[in-house]
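Peer 1: Once you've had a glance at the structure underneath, I'll fire off some questions.
The values are calculated or read from the model by the stated rules, or taken from the named source; none is laboratory data. Note that the coordinates shown come from a computational prediction; the quantities given were computed from them, not determined experimentally. Because the Cβ atoms are built from the backbone with ideal geometry, glycine has one as well, and the counts that use them run over all protein chains shown. Accessible surface is based on the protein model in full, side chains and every heavy atom, while ligands, DNA and RNA are left aside. Shrake-Rupley method; radii C 1.70, N 1.55, O 1.52, S 1.80 Å.
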Amino acid sequence: MKELPKTYDPRDVESRIYDMWMDRGYFHARRDPDKKPFTIVIPPPNVTGQLHLGHAFDETIQDVLIRYKRMKGFSALWVPGYDHAGIATQIKVEEELRKEGLTRYDLGREKFLERVWEWKNKYGSRIVEQLKTLGSSCDWDRERFTMDEGCSKAVKEVFVKYYEKGLIYRGERMVNWCPKCLTTLSDAEVNYEDQAGHFWHLRYKFKDSDEYLELATTRPETLLGDTAVAVNPNDERYQHLVGKMLILPLVHREIPVVADDYVEMDFGTGVVKITPAHDPNDFEVGKRHDLEVINVFTDDAKIVADYPKYAGMDRFEARKAIVADLEAEGALVRVEDYSHNVGTCYRCGTTVEPKVSTQWFVKMAPLAQPAIDAVKNGQTKFVPERFDKTYYHWLENIRDWCISRQIWWGHQIPAFYCDDCGEMVVTKESSAVCPKCGKPMRQDSDTLDTWFSSALWPFSTLGWTGNSDEPSEDFKYFYPTNTLVTGYDIIFFWVIRMMFSALENTDKVPFDTVLIHGLVRDAEGRKMSKSLGNGIDPLEVIDQYGADALRFMLATGNAPGNDMRYIDDKVKAARNFANKLWNASRFIMMNLPDDFQFTGLPADLTLEDKWLVSKFNRLAKEVNQNLDAFELGVASTKIYDFIWDVFCDWYIELTKPRIQAGGASKASAQQVLVWTMQGMLKLLHPFMPFITEEIWQTLVGDGSMIMLQDYPVFDESIDYDKEEADFEKVVAAIKAVRNTRTELNVPPSVKAKICIETADKALFEGVALFFQKLASASEIEVGDSFDMPNAASAVTHAARMFIPMEQLVDKEKELARLKKEQDKAQKDIDFLSKKLSNEGFLAKAPAQLIDAEKAKLAKAQEKMDKILASMKALG
Ligand SMILES: [Zn+2]
Ligand SMILES: [Zn+2]
């Protein structure tokens, strides 16, 4: 028999094992008509990304599921890939350029995109390598990228199809604009925060009288673009003024008073200024009253040239200047502190500017309803179920999706314009000629929101081709996919969009289950962030403890949908568990003969063998149930407890006398040890793939690999309920004796007789040897009842054990020791009682401290009771 090295060093093992799996092509999923497919598509990490703990968590869950299903006989496909991540990537490359003193405009679109592709080729593979160190059994032959040929083709197919169906339109809308990133943001890309601000109370004078209307604004600088003032039509204070003209301060333009339901009568003065170009509500009011839209900001939020006095000023600088001028002109009434909700860019934190512009939109209402229905009727279910509420909430309140972005990195919008006659064409072709005047057309310079392509990910990666070609064999076999594993933070961004995109384009839901997990937080429960400096690099953890330890910790520490905490000690505990397993394997192998042949479970199983086998059998049953219900943490904890307690701490100890004795009993123990070890390795493999494979290679050594073995399932023929329950009584009795001895401070080397009072006499008589080996018994006597006044006792539901006290301790010595303890306890009691009766202390000390002292006193008294009981027992 080969031997395992003394200690397990993951660094020596993991990459070698991974290469073996790769060399044999075991990650590649075949379209096997005799098997059922099981498919997961990876949530594509950003191409610029580095593996962080959140990825490691997400990928561990996916790999556990994929490995489990593969062992259950499915053709299990895990599609890997990454996302081009539009703005995020473009910003990185622009930062690089800035170091060279360049902007993307200096390079021009084509050269700039070359730089981004260079960047992508350099860093795109990094995250792939990092996924491999974690042990991810992705099908690397099917690696995809959201901008590869197939995915790009799918994007065009879908865009053109939507356009032709009227689901995509171009329109002038108020959008969220980041003046720093210079692009639109979808609603979900805007963060809202309360900021301290002001209400500037202004007065606008009537054109033909000296009267004023007073109103308040949080953004005085937008006054330059005011085109009306509005009041509520039911507001009796102002009804007679509707239609009159006001003179806009500073600008001195004439603007009308209009009546609109949008105005709240009881808020402020009941009068609001209307700036259609710079406020979403005002934009709507403007449309209703046909008001002019006057834009006062440049794209980077500076005042436009039309206002020479302020032109070129940043919006916040302009605010100061304008407030000063309003005051000088007598238009400023007063300033009031006011806290208001401000939208900021989720990438750069800049205050978002509402902006009117022409953009492309996806019409959401017709797409949202089927996506709602598909979850309501159970075609796709959320685990945990409660997350369907988040899903419905977003879909029921969804607005049209602005999909155009003013950046260059991404899928360029397949629309073409004729600059001569204004004609527009939407086409899958890469160029177009004007159908009206025959001139070459100019492609829209905008790109699509990065989520537009990731919304197609579950089918674009499997070779969906739209209506133009026959779908690929992969698509026919592996689609729809099965489980989507993702964080609750991207239900809106991603899950919803995949759902409606799949339903619209493939007529099927993209996956049957959405398994939601939370965030990985630090040990104190804080989010990990650069600014807090509390981030953990999973690659460092893997280097220190091994990928198996990290995976086991991540899989064990959580329930679906909940956040988890990263605790270093838990990774250490997982590493210790791996070592425990390693040592148990070494013990088994060292006790096998060179010519050992594994023949399976022997016919002559002993009571303790049946106890072990039966417990393992039930473990297998439960682990299957837990994994099928996505309770990974429950499954891994059960496997851990079985390996550590049942197998290592009990069964191995129970076999030692048989191994020493030799003969047939030893031979059958060897078979049981190997059978159980193989089963445990298989159960554990999805969680700890490397160490289980490494042990398998040595223990089995027939050239097979564990990753393709059948996962253990419940086997009726080895269900030994009765024997298991019987031996459980023995285990409980031995544990009880050990506890009693520990309480009495008796070292294991002190042997003593045990009298066992029980109705199961035959059972306990048959296991005398175990009491001798594991409970320090010199001899045992089993009987119906014992009368032993001077004895320590241990009680279980099936037996009472008595141990003669004089055999456990030297009476005089023990009495002396107890006397010392008694004196010490008495001192504590006296001290604490005195303190707690001191009125000065009680009056001054905080309640917490008093309670703590009271608790100490109670403990000291408890201890005293125990000491007295022990002294009494000694006689
Ligand atoms: Zn920004
Ligand atoms: Zn034309």
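Peer 1: Alpha carbon centre of region 28-105 versus region 305-373: separation in Å?
Peer 2: Value for the Cα centre distance between the two parts: 37 Å.
Peer 1: Working out 0.36 nm times the residue gap between E254 and N295, then minus their Cα-Cα distance, what length gain in nm do you get to one decimal?
Peer 2: Contour length minus Cα-Cα distance gives 13.1 nm.
Peer 1: If I model a spin label at D34 and Q443 as a point 7 Å from the Cα along the Cα→Cβ vector, what separation in nanometres do I get?
Peer 2: That separation, rounded to one decimal, is 4.8 nm.
Peer 1: Divide, for region 335-385, the radius of gyration over alpha carbons by 2.2 N^0.38 Å, where N is the residue count.
Peer 2: Compactness ratio reported: 1.95.
Peer 1: In region 336-382, what percent of the accessible surface is made up of carbon and sulfur (1.4 Å probe, ligands and nucleic acids excluded)?
Peer 2: Roughly 48 percent of what the probe reaches on region 336-382 is carbon or sulfur.
Peer 1: Related question: Can you give the angle from 0 to 90° between the axis of helix 280-289 and the longest principal axis of the chain, with both taken from C-alpha atoms, to the nearest 10?
Peer 2: 40 degrees
Peer 1: A follow-up question, please. Modelling each spin label as a point 7 Å along the Cα-to-Cβ direction, I'd like the E118/D604 distance in nm, to one decimal.
Peer 2: So the two model labels end up 7.6 nm from each other.
Peer 1: Let me ask something additional. Among residues other than G150 whose Cβ falls under 12 Å from its Cβ, what is the net charge (Lys/Arg +1, Asp/Glu -1)?
Peer 2: -2
Peer 1: For labels at A305 and A324 in the simple 7 Å Cα→Cβ model, what's the distance in nm?
Peer 2: 2.5 nm
Peer 1: Next question, about the same structure. Give me the accessible area per residue for the chain, probe 1.4 Å, as a whole number in Å².
Peer 2: Ligands and nucleic acids excluded, the result is 45 Å² per residue.
Peer 1: Further, regarding this structure: What's the magnitude of the charge dipole for region 747-875 around its Cα centre, counting Lys and Arg as +1 and Asp and Glu as -1 at the beta-carbon? Answer in Debye, nearest 20.
Peer 2: That gives a dipole near 680 debye.
Peer 1: Could you calculate the FRET efficiency of Y392 with D719 from 1/(1 + (r/R0)^6), where r is the beta carbon distance between them and R0 is 45 Å, rounded to 0.05?
Peer 2: Using R0 = 45 Å, I get an efficiency of 0.50.
Peer 1: Then there's this: Size of the dipole of region 478-567 about the Cα centre, Lys and Arg at +1 and Asp and Glu at -1 on the beta carbon, nothing else charged, in debye to 20?
Peer 2: 200 debye
Peer 1: OK, next. Using alpha carbon centroids, what distance separates region 589-668 and region 767-797, in Å?
Peer 2: Centre-to-centre distance over Cα atoms comes out at 27 Å.
Peer 1: If you don't mind, there's one more thing I want to ask. Looking at region 192-262, which chymotrypsin sites (Phe, Trp or Tyr not before Pro) are in a loop (DSSP not H, G, I, E or B) and have at most 14 other Cβ atoms within 10 Å?
Peer 2: Sparse-neighbourhood loop chymotrypsin sites (Phe, Trp or Tyr not before Pro): Y262.
Peer 1: I've got another one for you. Place a point 7 Å from the Cα of D543 along the Cα-to-Cβ direction; which residues of region 121-161 have their backbone N under 15 Å from it?
Peer 2: 130, 133-134
Peer 1: Now for a different question. Pulled fully out, how much extra length does the chain show between S125 and A858, if you take 0.36 nm times their separation in residues and subtract their Cα-Cα distance?
Peer 2: Full-extension gain reported as 257.6 nm.
Peer 1: Using a cut-off of 12 Å between beta-carbons, work out the net charge of the residues near P686 (Lys and Arg +1, Asp and Glu -1, P686 not included).
Peer 2: +3
Peer 1: Shifting gears a bit: Between beta-carbons, use under 10 Å as the cut-off and find the net charge around V520, counting Lys and Arg +1, Asp and Glu -1.
Peer 2: 0
Peer 1: Using a simple charge model, +1 on the beta-carbon of Lys and Arg, -1 on the beta-carbon of Asp and Glu, nothing else, what dipole does region 45-147 show about its Cα centre, in debye to the nearest 20?
Peer 2: Value, rounded to 20: 260 debye.
Peer 1: Additional query: Loop by DSSP (not H, G, I, E, B), at most 15 other beta-carbon atoms within 10 Å: where is the longest site-free stretch of the chain for GluC sites (Glu not before Pro)?
Peer 2: No qualifying site falls inside 525-875, the longest such stretch.
Peer 1: Kindly list the residues of region 543-584 that lie in the label zone of T513, defined by a backbone N under 18 Å from the point 7 Å along the Cα-to-C-beta vector.
Peer 2: Of the residues in region 543-584, 555-562 have backbone N under 18 Å from the label point off T513.
Peer 1: I would also like to ask the following. Need one word for region 129-212: rounded, prolate or oblate. Basis is the Cα gyration tensor (sqrt eigenvalues a ≥ b ≥ c); a/c below 1.5 gives rounded, then a/b vs b/c decides.
Peer 2: Since a/c reaches 1.5 but b/c is at least a/b, the shape of region 129-212 is classed as oblate.
Peer 1: Hey, what angle do you get for helix 86-99 against the long axis of the chain, alpha-carbon based, 0 to 90 degrees rounded to 10?
Peer 2: 80 degrees
Peer 1: Roughly how far apart, in whole Å, are the Cα centres of region 504-557 and region 392-420?
Peer 2: Region 504-557 and region 392-420 have Cα centres spaced 31 Å from each other.
Peer 1: OK, next. So what is the 222 nm mean residue ellipticity for the chain from helices alone, if each DSSP H run of at least 4 adds -39500 (n - 2.57) and you divide by all residues, rounding to the nearest 500 deg cm²/dmol?
Peer 2: -14000 deg cm²/dmol
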